[in-house]
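A short write-up of the structure that comes next.
The values are calculated or read from the model by the stated rules, or taken from the named source; none is laboratory data. In this text, all values refer to a predicted model and were calculated from it rather than measured experimentally. Every residue, glycine as well, gets a Cβ built from its backbone with ideal geometry; the counts of neighbours run over all protein chains shown. Please note that ligands, DNA and RNA were not included when accessible areas were found on the heavy atoms of the full protein model with its side chains. Shrake-Rupley method; radii C 1.70, N 1.55, O 1.52, S 1.80 Å.
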Amino acid sequence: MKAVIYGAGSIGRGFIGALFSEIGYEVVFVDVNDSVIDRINTEKTYPQIIMNEKKDIHWIKNIRAVDGKDPHAVAFEITDADILATSVGASILPKITPVIAQGLIKRWEKDSGAVIDLLICENLMDADILLRQYLLDALPSEYHTLMDQNLGLVETSIGRMVPPADPDSVSEHEHPLAVRAEPYDFLPVDKSAFKGKIPNYQKIIPFEPFHYYLERKLYIHNMAHLTTALLGQREGISYIHEAALNPGIQRIVQGAMTESALMLTRRYSVDYADLQAHMDDLLYRFQNPYLKDTAARVAREPLRKLQPSDRLVGAARNCENSGISPVYLSFAIALCLSFMKDEDPEEILEKTCKIRKTEQLFEHILYFYDKVTNNQLSLNDFVFELTKYQAELRGMIV
């Protein structure tokens, strides 16, 4: 069996490639980094370092790489692959789609009934819809029906944290392809999207409706991770695990997670106890001192994370639509805005977040923005303000 994986970066090597190698696939990475390609083809293995107390090392084997700048070589690999995956970042998807299309054409020229599934391992909501359109644009029209019949565009939920190496902990003798990952290594996949057989492996979790998993990842995991980072930065804390251990930060992050969890419970009729267990697990994982992930890295690109359907505004909007007041989420949005000191917060709310001035959400966010930008307030002050504001909205304080 052969898995062709577009992207030999942190998720590609640290999670998806390692997972399929573990299952027994030959893993063929597609990348444009010449040194990574050469190393993979020379070494034929690399260490995956599990960031726990023991720092277990898994040597990932049965691998090779092809140059993403050579479309003919990539298309040739796709022709006889058993499964495909992308882990390149959402902005790169349109750049690689024409080559994927070439490989599919070669595949179907040999066998018009050849079925294959493509796992989309990106942090992107509705990635299957987007990638389908890219492929339709890249494929000649006579292949459109074949694509719909024979290609499964499978969304996945990437919950595993694979941070870059902390420079202070890297030995000069460390393997150049070494990649770090937390112990958690489960991959939820969209059960209904597969055209072929789902790989039968305990770490691959088929689920439907899959949108629940995507929203749980984005509106609980990603949202909480970002909020932890923003609060950590405000408190002058460098690492995520240190921020996650702070009681005040914990209290605020839990409040925001609870709002998202209540929303998901109503939208998908899932058991809240399961979501509570998931949140408890996340808070524990955020505290992993061996990951050495920085608050600055997690909090980067704030404008992208303030898009209408992304982790902050998307969670708040869905809460509103489910009859839940997004108090803690409004605070998190305000906190994110506070780091863009040269920008007009009202303009960002209207143009980037698509929140109108006439909306209550706009009012909530600006209320907390004023509090956040008052540098005299402590974490305990914020906790008090959030509790009070929430109680006022519920009519518990007159």
- Test each condition in (1) at pLDDT 95 or above; (2) open to solvent by 10 Å² or more (accessible area, probe 1.4 Å) for residue 10 and report the one that comes out false. (1)
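If only one of 145, 97, 86 is open to solvent by 20 Å² or more (accessible area, probe 1.4 Å) and among the hydroxyl-bearing types (Ser, Thr, Tyr), which one is it?
Working: 97 fails: open to solvent by 20 Å² or more (accessible area, probe 1.4 Å); 86 fails: open to solvent by 20 Å² or more (accessible area, probe 1.4 Å).
The unique qualifying residue is 145.
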- Name the residues in the range 317-338 that are in contact with a Leu (Cβ under 7 Å, 6 or more places away or on another chain), within 19 Å of residue 229 (Cα to Cα) and not hydroxyl-bearing (Ser, Thr, Tyr), would you? 327, 329, 331, 332, 333, 335, 336
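If you scan the range 316-346, which residues turn out to be acidic (Asp, Glu) and not in a loop (DSSP other than H, G, I, E, B)? Outline the logic, then answer.
From the range 316-346, those acidic (Asp, Glu) are 320, 342-344, 346; that's our starting set.
Across the range 316-346, the qualifying residues are 320, 346.
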- Query: Does residue 349 fit the bill of being part of a helix (DSSP H, G or I), under 20 Å from residue 385 (Cα atoms) and in contact (Cβ under 8 Å) with a residue 12 or more places away in the chain?
  - Reply: no
- Just wondering, is there one or more residues in the range 280-295 that are closer than 30 Å to residue 342 by Cβ and aliphatic (A, V, I, L, M)? yes
- Out of (1) on the phi > 0 side of the Ramachandran plot; (2) at pLDDT 95 or above, the odd one out for residue 286 is which? (1)
- Task: Quick one: which strands (runs of 3 or more DSSP E) lie wholly within the range 137-244 and hold at least 2 residues that are in contact with a Cys (Cβ under 8 Å, 6 or more places away or on another chain) and over 30 Å from residue 112 (Cα atoms)?
- Result: none
- Here are some residues: 128, 70. Which one is modelled with pLDDT under 95 and farther than 15 Å from residue 3 by Cβ? 128
- Item | Residues satisfying the stated conditions in the range 36-58, i.e. open to solvent by 70 Å² or more (accessible area, probe 1.4 Å), without any contact (Cβ under 8 Å) to a residue 60 or more places away in the chain and outside any loop (DSSP other than H, G, I, E, B) | 38, 42, 57, 58
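Does residue 237 count as touching a residue at least 12 places away in the same chain (Cβ under 8 Å), within 18 Å of residue 335 (Cβ to Cβ) and open to solvent by 20 Å² or more (accessible area, probe 1.4 Å)?
Values: touching a residue at least 12 places away in the same chain (Cβ under 8 Å): yes; within 18 Å of residue 335 (Cβ to Cβ): yes; open to solvent by 20 Å² or more (accessible area, probe 1.4 Å): yes.
Yes; evaluated as a whole, the condition is true for this residue.
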- Message: Any residue that is surrounded by fewer than 17 Cβ atoms within 10 Å (Cβ to Cβ) and part of a loop (DSSP other than H, G, I, E, B) - is there at least one of those in the range 103-111?
- Response: yes
- Message: Condition (residue is more than 20 Å from residue 253 (Cα to Cα), in contact with a Ser or Thr (Cβ under 9 Å, 6 or more places away or on another chain) and modelled with pLDDT of 95 or more) applied to the range 342-350: is it met by at least one residue?
- Response: yes
